[in-house]
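So the structure is just underneath, and the comments pick up after that.
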Amino acid sequence: MERVTWFFLVYLICCTAARCLTITTQTKLNITTDGSALLALKARITSDPQNIIFTNWSTITPVCNWVGVICGAHNHRVTELNISYFGLVGTIPPELGNLSLLVDLDIQNNSFQGTLPQELAHLCRLKFINLGNNKFMGVIPSWFGSLYKLQGFRLFGNQFVGSIPATIFNLSALQIFNLRYNQLSDIPNEIGTLNQLEKLLVQNNALKGPIPMGVFNISSLTTASFYGNNLNGRIPDNICQHLPNIQYLSLVYNQFDGPLPSKLWQCKQLLLLDLGSNKFSGRIPKYIGNLTQIKMIWLDTNNLTGTVPYEFGYLPNLEKLLLSENNLNGHIPSSIFNMSTITLLDLCFNQLSGSLPAIIGLTLPNLEALSVGANHLSGVIPKSISNASELRHLSLGANSFSGFIPSTLCLLTNLEFLELVGINLTIDTSTPEVNILSCLANLRNLRFLALESNPLHSMLPISFSNFSTSLEYLYLAKCSLRGNIPSDIGNLSSLIKLSLDENQLSGPIPISMGRLHNLQGLYIYDNTLQGYIPDELCQLEHLSDLILGGNQLSGSVPSCLGNLTASLRDLSLWSNLLNSTIPSTLWGLTNILEIDLSFNSVIGPLSSGVGNLKVAINIDVSYNQLSGSIPSSIGSLLNLVNLSLAHNNLEGPIPSSFATCSSLELLDLSQNSLSGVIPKSLEALSYLKYLNLSFNILQGEIPTGGPFKNFPAESFVSNRGLCGASHFQLPPCKTKTSIFIWKYAIPGILSAMLLATSIFWILMFRRKKNANAAAHTILTPQVLWRRVSYQELQSATNGFNESNLLGTGGFGSVYKGTLSDGIDVAIKVFNLELEGAFTSFEVECKVLSNVRHRNLVKVISCCSQIDFKGLVLNYMPNGSLEKWLYSQNSSLNIMQRLDIMIDVASALEYLHHGYEVAIVHCDLKPSNILLDDDMVAHVADFGIARLLGEGDSMTQTMTLATIGYIAPEYGMEGIVTKRGDVYSFGIVVMETFTRRKPTDEIFVKDMRLSQWVANFLVADAIVEVVDATLLGTNEDHDFMSKRECLSSIMRLAVACSAESPEERINMQDAVATLKRIKIKFTKDAVAGGLVSNRRPVS
């Protein structure tokens, strides 16, 4: 086999050399043709921001004098072309292949795009090629394998996809192979033939599976970087025997598992070992101490156990050691604290015990970062730490240290980050002249200071406001601080977060806080502050959280807080002495998430303006003196989770509009004077977990449906007029109409009532008949609903085995399973530990169980237990549209892509217009479009879908949709409408026919996929943006019909993705337009034999 490969390689080289000779002879290449080739490149450049190429490359000047061009001393031909870092935009012309003596081509850090012309294969003398950080796309051309002199091959930072062509591994002289930051999915095992390769850089791609064994045959390799992929498996125990020269090995951010290689110590030349953020387990081998040359070791964020090897101390050159976020135990070996070369030591989030050595600062003089937080360390913090004068980062929190905060910390003049949270330290009162807070103020580089949960028992010194203006984060909560907040605290002009909560601070809130213009969070709750809330706080235009509760603040709520509408998210003023009305300006805080004014003396009515707080989650105005009725506008707060109006003087009925607060989980209206009946419509509040209507004057029957069946009797006590079921401990309701009324009713009124009732039932019968007919037409299920137990699902998936895993999403995982009757299904299992997973299950189960359409994924069953939620869905054997767009083993032609888009549009049309309640999907993207056996598309994943009800829109606070596909109004304002789905559909259409994701690196600053397509559409240059595999060439007889079809499709996509929702078309028009495009394209294409069946060749 090796002999055959050798002869093939010789044959390839001979053929290439002959071709190069032929080209040179036939075209008589010279400096003139070199100049023509470069001018052809200039003509393809559409943007030259530094105006270098446009002004310098001119026929007036000799070619060899052009910027970026170097010619040979003897032949006066172009041998080097270096136009890197010019910011050029354009494409590469085939004429560039005429630079037959070119040795070095460097065009990195520009924005060249498109595919690489095959004529570059003529550059037979090329030794170095650098196309890094451009926008090239498609597969890596196989003709690179004919450039047999290549030593440096750099295509990093582009958009290449698929597998690396095996022909490249015939380049026996190759030394540098840099393909990092692409979308490559596979490395062939033939890579092992590159016996001179020194650097292999393939990080941040889409590589999967184990590392090809061929890699471990490249004994010349010095650098191997695979980080940021999806590689898995185990690392061979004898890796160092095969890679004896390896110096840099980086496998971080993958899925490798198993133990660390026990013979890793044999990699004698290793300088950097980065195995962090994987799934390695077991102990750290003690032989690691034999890596005497190593400088950096990262083993963080794995599942490593056991103790930290003493042998780490044998590494004389080690500078950085990261072992954080494992399950290591035992003492930190003393040998580590004797490593004078160490600059970074990170052992946090383990189970380490013991203490820090008293002379730590003397033995680690070069230490810049020490992080041992979240362990079980005890003892005192050594005073000698101050001798580590280079220290910039110190994190010791969440341990069991005792004693004092050493004042010697104030000698660390380079310190930028100090975290001592929750370790029960105090201030040394034996030296009152040295206040730790005063001396820390002398650290001019300090940006982060956290001393939370330490009993300092101190006042905030006057010098506290002398902290450096570089201080950004200050956390002093639960420190037993007393006295006033220094009046000059406004001098800390860089503060972003200030936490002084849960102390014993008194006095007023300093008005100088109005100068903290970068402040985003102010937390001074649970103190004893007095006085007014200063209006100066309204000048903090970036303020997001204003938490002043639990003090003794008096006066009014500043009306100027309404000016912070762009930033304020949380306003908490609970438990103070405020006694004004609620300013009407607060109802203009349209981005507010939480308002808590409870336990004050706020008076006046609750304004109907409360309905403007569309994204609010929590509103609590309980324990005040509010009067009047509850405004019905509260019903427009669709995102509201908690509402408490308890202990006020409210009267009148409970608004039935509460029923539209569909997210409500807690409702407390107790201790008021509310009257009337409990609206039966409240049964629709399916998420309501707590209800308290006690101590009012309500009457009538308590509803029994929906959440009411779970509420205790205590929810309704002290309402004398209520009646209901026995478990409410109330008298039963009367079920017969009073005989008196029947006996003395006026016959005329009775006749009128009977007539009206007859007419009503006739109309209702007709309406129901029509509705049933429509339901029979649209909603007849094609797959029968069936009951499936958890045990059957577990059996169907082999215990939810990883081999059955189809994919993971925002709220859980999807497995393939086979039910007992042999039916293949997809089983979506929700991760109930994730916030929102329960709601997602409820929504998806509700939507999919009630809608039926050929292009919607069908639910077979919903399995719901206390600790398990799952959906059983039709299995789609052809996977997702995303897989077909970006897999090199699959392809879709124009007609197949058009059919899929018609399927998706039909599904959305049904959701928006064909069902009794409009449903908005909210997260349409290629991965949520699944394909069945016949390549028919089915829209899936309704986990964040929304039912609009009677309105045309709704607002939600948490935007869970996917960046790039989300409509602007949804992402910025949380507004959910049907036209948001239309926008997403337009983006999906563009991606389907351009094969560019909306998050592509080409789309920077204000440029988006929709704008990019629109620009080329206006310029009648749609061929520049669509997937090149769809069009062919100008000479093809069907080129024009394809171009016209694709232009029509893109015009539709642009119409769907207009910036303004009002300018977008609806899905009914979209479906009709797509069908017209298909009919025309079919007529144009039939004669040329273009139209194929739906099933592509994979």
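Only the coordinates and a few stated rules stand behind these numbers; no lab work does. The model shown is predicted, which means the values in this text are computed figures rather than measured ones. Heads up, the Cβs are rebuilt from the backbone with ideal geometry, glycines too, and the neighbour counts pull from every protein chain shown.
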Using θ = phi - 60° and the Karplus relation 6.51 cos²θ - 1.76 cosθ + 1.60, list the HN-Hα couplings for the stretch 820-827 in order, rounded to whole Hz, with x at every Gly or Pro.
-> 4, 8, x, 7, 7, 9, 10, 10
In whole angstrom, the spacing between the Cα centers of the stretch 310-361 and the stretch 522-541 equals 44
Report, ordered by chain and residue number, the aspartates and glutamates lying within cross-link reach of Lys1075, taken as a straight Cα distance under 18 Å and ignoring same-chain residues fewer than 8 apart.
-> Asp899, Asp903, Glu909, Glu1044, Asp1084
Would you work out which of Cys348, Gln247, Ser384 lies farthest towards the positive end of the dipole of the chain? Charges go on Cβ: Lys and Arg +1, Asp and Glu -1.
-> Gln247
In what sequence do Ile176, Ile45 fall when counting other Cβ within 10 Å, fewest first?
-> Ile176, Ile45
Which entries in Lys858/Lys925; Lys199/Lys268; Lys199/Lys883 show an alpha-carbon gap greater than 20 Å?
-> Lys199/Lys883
For Leu578, which sequence-distant residues (separation of 5 or more, or a different chain) have an amide H within less than 5 Å of its own amide H, given hydrogens modelled in the peptide plane?
-> Ser601
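Please list the equivalent ellipsoid semi-axes of the chain, computed as the square roots of five times the alpha-carbon gyration tensor eigenvalues, in descending order and whole angstrom.
Numbers: eigenvalues 661, 435, 171 Å².
They are 57, 47, 29 Å, listed from largest to smallest.
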For the stretch 465-479, take each phi angle, set θ = phi - 60°, evaluate the Karplus expression 6.51 cos²θ - 1.76 cosθ + 1.60, and give the result in whole Hz per residue in order, putting x for glycine and proline.
-> 6, 8, 3, 4, 5, 7, 5, 10, 10, 10, 10, 10, 5, 6, 10
Using helices alone, what [θ] at 222 nm do you get for the chain, with -39,500 (n - 2.57) per DSSP H run of 4 or more residues, divided over all residues and rounded to the nearest 500?
-> -6000 deg cm²/dmol
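Below 10 angstrom from the Cβ of Leu640, what's the summed charge of the other residues (Lys, Arg +1; Asp, Glu -1)?
Once all neighbours under 10 Å are counted, the net charge is 0.
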Expressed in angstrom and rounded, the centroid-to-centroid distance over alpha carbons for the stretch 26-64 and the stretch 179-194 is 34
Could you name the aspartates and glutamates in cross-link range of Lys149, using Cα to Cα under 14 Å and dropping any fewer than eight places away on the same chain?
-> Asp104
Using modelled amide H (1.01 Å from N, peptide plane; none on Pro or chain starts), what sits under 5 Å from the amide H of Gly628, excluding residues fewer than 5 places away?
-> Glu651
Fewest-first ordering of Lys320, Lys925 by Cβ atoms within 10 Å yields Lys320, Lys925
For Lys208, go through the aspartates and glutamates and keep the ones whose alpha-carbon is under 17 Å away, minus same-chain ones fewer than eight residues off.
-> Asp186, Glu190, Asp257, Glu802, Glu882
Given H placed on each backbone N at 1.01 Å, which residues far from Leu640 in sequence or on other chains put an amide H within less than 5 Å of it?
-> Ser663
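Suppose every K and R has +1 on its Cβ and every D and E has -1 on its Cβ; what is the size of the dipole of the stretch 240-395 about the Cα centre, in Debye to the nearest 20?
Numbers: 9 positive and 9 negative charges, 54 e Å.
Its charge dipole is roughly 260 debye.
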So how strong a dipole does the chain carry about its Cα centre when Lys and Arg Cβ are +1 and Asp and Glu Cβ are -1, to the nearest 20 debye?
-> 2260
Expected vector for the stretch 282-290, Karplus 3J(HN,Hα) from phi with 6.51, -1.76, 1.60 and θ = phi - 60°, integer Hz, x for Gly and Pro, equals x, 8, 7, x, 5, 5, 4, x, 8
Likely footprinting exposure, Glu1062, Glu1044, fewest C-beta neighbours within 10 Å first | Glu1062, Glu1044
